[in-house]
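Peer 1: Following this message is one structure expressed as structure tokens.
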Amino acid sequence: MTELRQAWTELLARRRSLAASLAPYGEMLERWAAWTPPRRSLSWSAQRCRESWARAVPLAAEAPPPLDAGDVEDLLGGAMEEVAAVDPARAPALQRLAGAWDAGAIGPDALLPRRDGLGDGSVEAASGLDARAVAFLSYATLRPVLEAWLEPARPHFTEVDWGRGVCPFCGAPPGFADVVEGGHRRLACHFCGGAWGFAKLRCPLCGVEGSKDLQRLQAEGEDAGYVISGCRACRGYLKELDRRERWNGGPPLLEDWASPHLDVVARREGLRKPLPALLDLARTP
Ligand SMILES: [Zn+2]
Ligand SMILES: [Zn+2]
């Protein structure tokens, strides 16, 4: 978490003109870094992890982290305030969520990704919030917990034939894509900080194959190296960064947060990101 704060400072130096609108992300990183409850870790062996992956099951789907509502309350509360600040129209639904949380009707388990992607809809049902806001609140709340929980399993994910468009560690949809050495594509998870390789000509969001459904919007000038990688079949997109072209890029999560102007372009094209950042939730005039 300390590395993320350091990397954020460096990224902001490159994005000075956006610094004011990006300020809430700095506060989010501070909250994550200040999160103090004991960090528990999954103790599965390499063999046990690989057995799960061979069945195409993300680890946290079978071994979720133990979650205590009190431990993550401050993280959720802070994220809710930020969502209310970027679009006050969500305030009544956020109030209902706070009520359901206090009454114990909704707990942190409801924020966990499932075997096939995001939550079961119980948060939306209890609060009236839209799925996009719930997705953001979920990772803003659970990232420190999931990152610590899944950390010991990272080294076991070598030469695993995964092939799914969700995170092999926690089950969330990808938040960002990197193009690395050899032109290979790596998807990044905002929920747990995991990463996994994925075929270049396949949509990770709907599985459609082949270049005819790809819609690639290449950024230029000072954003050279960034691409909006969209899909004509499902209208989903991810931002992608070619690390060979931009060796000084930051961690994928921060690169996603720090390029909201590219999301504006993608939205204008009618594309949707599977996992919204805070600024993707802002009310559009
Ligand atoms: Zn993950
Ligand atoms: Zn698709």
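Peer 1: Taking region 213-264 on its own, how many of its residues are within 28 Å of Pro24 (Cβ to Cβ) and polar (S, T, N, Q)?
Peer 2: Total satisfying the criteria: 3.
Peer 1: Please pick out the residue among Ser21, Ser52 that is under 30 Å from Arg246 (Cα atoms) and not in a loop (DSSP other than H, G, I, E, B).
Peer 2: Answer to the check: Ser21.
Residues checked against (1) surrounded by 13 or more Cβ atoms within 10 Å (Cβ to Cβ); (2) hydroxyl-bearing (Ser, Thr, Tyr); (3) modelled with pLDDT under 95:
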position: Ala20; (1), (2), (3): no, no, yes
position: Gln47; (1), (2), (3): no, no, no
position: Ala63; (1), (2), (3): yes, no, no
position: Asp71; (1), (2), (3): yes, no, yes
position: Val83; (1), (2), (3): yes, no, no
position: Leu94; (1), (2), (3): yes, no, no
position: Ala103; (1), (2), (3): no, no, no
position: Gly107; (1), (2), (3): yes, no, no
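Peer 1: Please determine, by comparing only the residues of region 258-271 that are touching a Gly at 6+ places or on another chain (Cβ under 9 Å) and surrounded by 15 or more Cβ atoms within 10 Å (Cβ to Cβ), which one is nearest to Cys206 (Cα to Cα).
Peer 2: Applying the filter and picking the extreme gives Leu271.
Peer 1: Go through region 178-217 and count every residue that is touching a Pro at 6+ places or on another chain (Cβ under 9 Å) and within 13 Å of ligand 2 (Cβ to nearest atom).
Peer 2: Residues meeting the conditions: 3.
Peer 1: Related question: Within region 62-80, is there a residue that is within 21 Å of Pro276 (Cα to Cα), away from ligand 2 (no atom under 16 Å from the Cβ) and free of Cβ contacts under 8 Å to residues at least 24 places away in the same chain?
Peer 2: yes
Peer 1: As an exercise: evaluate Leu129 against (1) in the same structural domain as Ala63 (by TED's automatic domain parsing); (2) in contact with a Gly (Cβ under 7 Å, 6 or more places away or on another chain) and give the number of the one condition it does not meet.
Peer 2: The single condition Leu129 does not satisfy is (2).
Peer 1: Right, next: State which residue pairs qualify: first residue within 17 Å of Gly117 (Cβ to Cβ) and not assigned by TED's automatic domain parsing to the domain that holds Tyr139 and inside region 194-221, second residue assigned to a helix (DSSP H, G or I) and within 16 Å of ligand 2 (Cβ to nearest atom) in any location, beta carbons under 8 Å apart, and separation of 6 or more residues or different chains.
Peer 2: Note: pairs meeting the criteria are Cys203/Asp213.
Peer 1: Tell me which residues, restricted to region 162-176, are touching a helix residue (DSSP H, G or I) at 6+ places or on another chain (Cβ under 8 Å) and either more than 10 Å from ligand 1 (Cβ to nearest atom) or in the same structural domain as Pro37 (by TED's automatic domain parsing) (or both).
Peer 2: Result: Trp162, Phe176.
Peer 1: Being more than 16 Å from ligand 1 (Cβ to nearest atom), in the same structural domain as Glu159 (by TED's automatic domain parsing), free of Cβ contacts under 8 Å to residues at least 60 places away in the same chain and closer than 22 Å to Val86 by Cβ: is that true of Leu262 here?
Peer 2: Spelling it out, Leu262 is indeed more than 16 Å from ligand 1 (Cβ to nearest atom), in the same structural domain as Glu159 (by TED's automatic domain parsing), free of Cβ contacts under 8 Å to residues at least 60 places away in the same chain and closer than 22 Å to Val86 by Cβ.
Peer 1: Okay, next question. Please verify whether region 85-101 includes one or more residues that are without any contact (Cβ under 8 Å) to a residue 40 or more places away in the chain and either within 27 Å of Glu255 (Cβ to Cβ) or assigned to a loop (DSSP other than H, G, I, E, B) (or both).
Peer 2: No, region 85-101 contains no residue that is without any contact (Cβ under 8 Å) to a residue 40 or more places away in the chain and either within 27 Å of Glu255 (Cβ to Cβ) or assigned to a loop (DSSP other than H, G, I, E, B) (or both).
Peer 1: Tally the residues that are crowded, with 24+ Cβ neighbours inside 10 Å and within 16 Å of ligand 2 (Cβ to nearest atom), restricting the search to region 138-175.
Peer 2: Residues that pass the stated criteria total 3.
Peer 1: Then there is this: Filter region 49-61 for residues that are surrounded by 13 or more Cβ atoms within 10 Å (Cβ to Cβ) and free of Cβ contacts under 8 Å to residues at least 60 places away in the same chain and give the result.
Peer 2: Correct list: Glu51, Ser52, Val57.
This table checks each residue for (1) more than 20 Å from the chain's Cα centre (by Cα); (2) closer than 23 Å to Arg164 by Cα.
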| residue | (1), (2) |
| --- | --- |
| Lys212 | yes, yes |
| Asp223 | yes, no |
| Arg235 | no, yes |
| Asp242 | no, yes |
| Arg246 | yes, no |
| Gly249 | no, no |
| Leu275 | no, yes |
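Peer 1: Being farther than 17 Å from Pro66 by Cα, in contact (Cβ under 8 Å) with a residue 12 or more places away in the chain and of a type in the set (Asp, Glu) is true for just one of Asp116, Asp109. Which residue is that?
Peer 2: Asp116
Peer 1: Under 19 Å from Cys231 (Cβ atoms), of a type in the set (Phe, Trp, Tyr) and modelled with pLDDT of 95 or more - does that describe any residue in region 153-175?
Peer 2: no
The values are calculated or read from the model by the stated rules, or taken from the named source; none is laboratory data. This structure is a prediction, so every number in the text was calculated from the model and none was measured. Reconstructed Cβ throughout: ideal geometry from the backbone, glycine too, with neighbour counts over all protein chains shown.
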